[in-house]
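So the structure is just underneath, and the comments pick up after that.
The values are calculated or read from the model by the stated rules, or taken from the named source; none is laboratory data. Bear in mind that the values here come from a model prediction, so they are computed numbers and not experimental data. Don't worry about glycine lacking a Cβ; one is built from the backbone with ideal geometry, like all the others, and counts go over all protein chains shown. The area values use the complete protein model at the heavy-atom level, side chains included, leaving out ligands, DNA and RNA. Shrake-Rupley method; radii C 1.70, N 1.55, O 1.52, S 1.80 Å.
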Amino acid sequence: MLALCLSGYCALAMAGFDVVALGVDGGVSDGNLTSYLIRSDNQTRYLALDAGSLLPGIAKGLQKGSFPQVTPELAAPYTPQGYVFRQLIDSYFISHAHLDHVAGLIIGSPQDSKKTLYAQADTVLTLRNHYFNWKAWPNFTDAGNGARLGTYRLQTVRPQQRFTLGLTGLSGVMYPLSHDRYPSSMLLVSDREGSFAYFGDTGPDALEQSRNLDTIWRALGPLIEQKKLKGMIIETSYPNEVEDKALYGHLTPAWLLKELKNLQQYSGGDGSLQDLPVVISHIKPSLKQDEDVRATIKQQLEQGNELGVKFILMAQGDRQQF
């Protein structure tokens, strides 16, 4: 497959999914928190995968040329940033309700257009009861306490049941994850040609005392064998030096590689994950001098990569096709 790399973005021939990173960090900067846009390459509208940072990421994406279809003439009467936010984002999937995954949604809600917000039951309840409740923030949803302004339709999705994702032309299947014993989730996004997996925050099964990731690997394995899984976005929050007891439901390079080795056994065995694109998200930056956590995690992933997967570290505003 041929690749053309311009301005930090690689366009792959016969791409299936178009992904723009609006936020890639797991904290602490409030302008670059976890959020990605995805669309099928034959559709115009995006699904937002989490919404930690929205408008700052859209602005960065516009600067980098990641929305080449948007011109001031097309955007009118909105700014290009407003047009992407209001018109091109069709709906949201929220993996879990921690603030670094929903802050952009909440802050941006007064200027947003009517959309559906898809999430598992626990996430919907948290958004309704603890954020959009006229105490933390006005209620821009269609449920919960006080006057319901109705910008967002809260749609509860059930595990392992396929559902349609708004007007994106995509469907989804949600799988539960365990995030320090707190409910998180993965969304398997599909169109007619293939699938893409988006993981919210998750710890490894061994530490979470869970089988959630194993269940997901069993589901993804056949898709990899059939060459239908185009890639995944999964977190690696901390470098290997962080002790297990201090991970609080997150992954390190060593734990991710161990989990991917488990995926390999369901995908056809040795070599089956060769060149599988794995986007690393939710890296937690350090405020210490001379400590580049992204570089450390990238190095540790590559050093242990006996599986041959293609690790990708997207920066805010980057666009990639899969």
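Which Cα, out of T126, G203, M174, lies furthest along the positive dipole direction of the range 115-224 (beta carbon charges, K/R +1, D/E -1)?
T126
How would the range 147-234 be classified by its alpha-carbon gyration tensor: rounded, prolate or oblate, with rounded meaning a/c under 1.5 and the a/b versus b/c comparison settling the rest?
Oblate, because a/c is 1.5 or more while a/b does not exceed b/c.
Taking the Cβ-Cβ separation of D30 and R218 as r and a Förster radius of 30 Å, what is the calculated FRET efficiency to the nearest 0.05?
On the way: r = 37 Å, r/R0 = 1.24.
Plugging the Cβ-Cβ distance into 1/(1 + (r/R0)^6) gives 0.20.
To the nearest 10 square angstrom, how much accessible area does Y175 have with a 1.4 angstrom probe?
30 Å²
Using a Gaussian network model on the chain with a 10 Å cutoff between Cα atoms, which of G104, G82, G304 fluctuates the most?
Highest fluctuation among the options: G304.
Would you give the gap between the C-alpha center of the range 21-54 and the C-alpha center of the range 153-204, rounded to a whole Å?
15 Å
Multiplying the sequence separation of R148 and K114 by 0.36 nm and subtracting their Cα-Cα distance, what value in nm do you get?
That works out to 11.0 nm of additional length.
Given R₀ = 25 Å, what would the calculated FRET efficiency be for T44 paired with W137, taking r from the Cβ atoms and rounding to 0.05?
The pair T44/W137 has a calculated efficiency of 0.25.
Among the DSSP beta bridges whose two residues both lie in the range 17-321, what percent are antiparallel, rounded to the nearest 5?
Expressed as a percentage, antiparallel bridges in the range 17-321 total about 50.
What residue among V189, V70, V124 shows peak mean-square fluctuation when the chain is described by a Gaussian network model with Cα springs under 10 Å?
V70
How big is the charge dipole of the range 17-321 about its Cα centre, in debye rounded to the nearest 20, if each Lys and Arg gets +1 on its Cβ and each Asp and Glu gets -1 on its Cβ? Display every interim value, and only then the final one.
Numbers: 29 positive and 32 negative charges, 211 e Å.
About 1020 debye.
Quick one: check the C-alpha center-to-center distance for the range 118-142 versus the range 251-292, whole angstrom.
About 32 Å separates the Cα centre of the range 118-142 from the one of the range 251-292.
Could you tell me which residue out of A254, L62, N240 lies farthest along the dipole of the range 17-321 toward its positive end? Charges go on the beta carbon: Lys and Arg +1, Asp and Glu -1, centred on the Cα centre.
Of the candidates, L62 comes out farthest on the positive side.
Grab the DSSP H runs of the chain that are 4 residues or longer, score each as -39,500 (n - 2.57), total them, divide by all residues and round the 222 nm result to the nearest 500 deg cm²/dmol.
Value at 222 nm, helices only, nearest 500: -6000 deg cm²/dmol.
When all protein chains stay in place, what accessible area (Å², nearest 10, 1.4 Å probe) is found for S29?
60 Å²
Relative contact order (percent) for the chain, with alpha-carbon contacts under 8 angstrom and 6 or more residues of separation?
19 percent
So between E225 and D275, what do we pick up on full extension, going 0.36 nm a residue minus the alpha carbon distance?
Full-extension gain reported as 16.7 nm.
Over 27 Å between Cα atoms: which of K60/K114; K115/K310; K114/K230; K64/K135; K230/K298; K228/K310 fall into that group?
The pairs that break the limit, which is 27 Å between Cα atoms, are K115/K310; K114/K230; K64/K135.
Once Rh is set to the Kirkwood radius over Cα pairs, what Stokes-Einstein translational diffusion coefficient, in µm²/s, holds for the chain at a temperature of 25 °C and a viscosity of 0.890 mPa s?
This corresponds to a translational diffusion coefficient of 124 µm²/s.
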